[in-house]
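Worksheet: one structure, shown below.
The values are calculated or read from the model by the stated rules, or taken from the named source; none is laboratory data. Source: prediction; values computed, not measured. Heads up, the Cβs are rebuilt from the backbone with ideal geometry, glycines too, and the neighbour counts pull from every protein chain shown. Ligands, DNA and RNA are stripped out before the accessible areas are found, and what is left, the full protein with its side chains, is counted by its heavy atoms. Shrake-Rupley method; radii C 1.70, N 1.55, O 1.52, S 1.80 Å.
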Amino acid sequence: YPPEVLGTLDRGQYKGLRMHSLEVDSIPNAAIDSKTIVLIGDNDSANDIAYQMLKRGASKIMIASRSDKGSASLLPSWPENRVEILREYQLAGVTEDGTGLLFGTSDVSKGRRIDDVSVVILCTGYDPNVNSLSSELAFALQHLWHLPGTLPIPSSYKKHGFENDFWDVPDDWEMPRNVLTDELAELNNGKEHVEPDLGKAMGSYISNKYVYRNVFMYNTNMFFNHETTFQQLFDIDVSAWLILGYITGEVSIPDVKTMEQRNLEDVILQMENPNNRYHLDREYASLLDLLRNDKEHWYSHGRDSRKRELYRAEFEVQVKLLARDMQDAKYPASYGNITHLNQIGIDLVEMSVDFYHNKY
């Protein structure tokens, strides 16, 4: 429950219902049917809940998107045009009668007023409590989940030479040419090579510098079971098998230097195609956003065949990473391996391409 959102609703004496996304099942139908619903946040929860609200008869769903980069914001259309994305808007206040909401942007001339809001749903994620953990584990979790606050770097990290959690790539690395190379060069002062600016990995599938394939590198008795590809629930099951292999000794855990090098190799693998690099490289992402926000450009059109090829390159990398983990974990199914997918793996790539190409 973000305190700034709750504070705004309290100060304005908002009269409607308010709740977190995990509580949506408790909303009575009378508060949804033929009513206006506002979702704060634009990622997967908002995406899912918007469809739920449509099915339950809401007349209008407004999704307030501060970043304009969540999965809900990327959808080009919604059923019956009953969903609207408030792009780069934040909650700014409550209407005088307490029944509506006011939204603002950095441009004060573009404020929005939404009247008669029945329910406000906070699609703002979760804030794990790490206070009970040791400093080294709390530090890892804070960065793995991008939690607020800054903990000091533990001494056990420093002895391994840890300085920060910023990714970097070799100075001579260059991205292979692709369908966007020439167009991005025009936005990059005529230069094909976009200088990487990784910093913290923003939302990559290899997003934590000191977690190696579910192993906490500085305490190898600690494991994180979390998705590392777009196949989220299946990925968690594969990760469980991999962790079991670590515990039983059937899967070996390399030394820290080897883990660091292999993580970097995975990062570079993802950097080689635009869709994956978007989640890693802030400079590259800023250029792609210029194309995405240009409604006349093919990159902003989900059905363009060139977008399909970008999806295919993205998902092929992810399925190969998953196939590698399945192979090492001795999972009872196979997609192939890190270099070659079998027919099932290839079919999964194509199915994923069809799904996202049609969805976006």
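Which three semi-axes in whole Å describe the equivalent ellipsoid of the stretch 234-360, each the square root of 5 times a Cα gyration tensor eigenvalue, listed largest first? Let's see the in-between values first.
Numbers: eigenvalues 197, 70, 21 Å².
In descending order, the three semi-axes are 31, 19, 10 Å.
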Seminar exercise, completed: Dividing the mean separation of Cα pairs under 8 Å (6+ apart) by the residue count of the stretch 1-153 yields a relative contact order in percent of 27
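If packing is taken as the mean number of other Cβ atoms within 10 Å per residue, what is the order of 217-225, 115-123, 24-32, highest first? The partial results should precede the final answer.
Working: 217-225: 16.8, 115-123: 20.3, 24-32: 13.1.
Peptide ranking by packing, descending: 115-123, 217-225, 24-32.
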Problem set entry | Helix 232-248 axis, angle to the chain major axis (alpha carbon atoms, nearest 10°) | 40
For this session: Calculate, axis by axis, the spread of Cα positions in the stretch 1-123 along the three principal axes, and write the results as whole Å, longest axis first.
Result: 32, 29, 24
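Calculate the translational D of the chain in whole µm² s⁻¹ from Stokes-Einstein, where the hydrodynamic radius comes from the Kirkwood formula applied to all Cα pairs, the temperature is 25 °C and the viscosity 0.890 mPa s.
Working: Rh = 22.7 Å.
The Stokes-Einstein estimate is 108 µm²/s.
Which percent of the accessible area of the chain is formed by carbon and sulfur heavy atoms (probe 1.4 angstrom)? Present the calculation step by step, with values, prior to reporting the outcome.
On the way: 9090 of 18280 Å².
Carbon-and-sulfur percentage of accessible area, whole number: 50.
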Exercise. What relative contact order, as a whole-number percentage, does the chain give when Cα pairs under 8 Å and 6 or more residues apart are counted?
Worked result: 12
Exercise. Among the aspartates and glutamates, which fall within straight-line cross-link reach of residue 159, defined as a Cα-Cα distance under 16 Å, with same-chain neighbours fewer than 8 residues apart omitted?
Worked result: 136, 255, 260
For this session: Order the peptides 253-259, 178-184 from the highest to the lowest mean number of other Cβ atoms within 10 Å of their residues.
Result: 178-184, 253-259
For this session: Compare 309, 296 by solvent-accessible area with a 1.4 Å probe and give them largest first, with all protein chains kept in place.
Result: 296, 309
Seminar exercise, completed: The answer for the chain, accessible area per residue at 1.4 Å probe in Å², is 51
Exercise. In the Gaussian network model of the chain, springs joining C-alpha atoms below 10 Å, which of 327, 13, 318 carries the largest mean-square fluctuation?
Worked result: 13
Exercise. What is the Cα centroid distance between the stretch 262-280 and the stretch 10-65, reported in whole angstrom?
Worked result: 36
For this session: Among the lysines, select those whose C-alpha is under 20 Å from the C-alpha of residue 60, and discard any that sit fewer than 8 residues away in the same chain.
Result: 15, 35
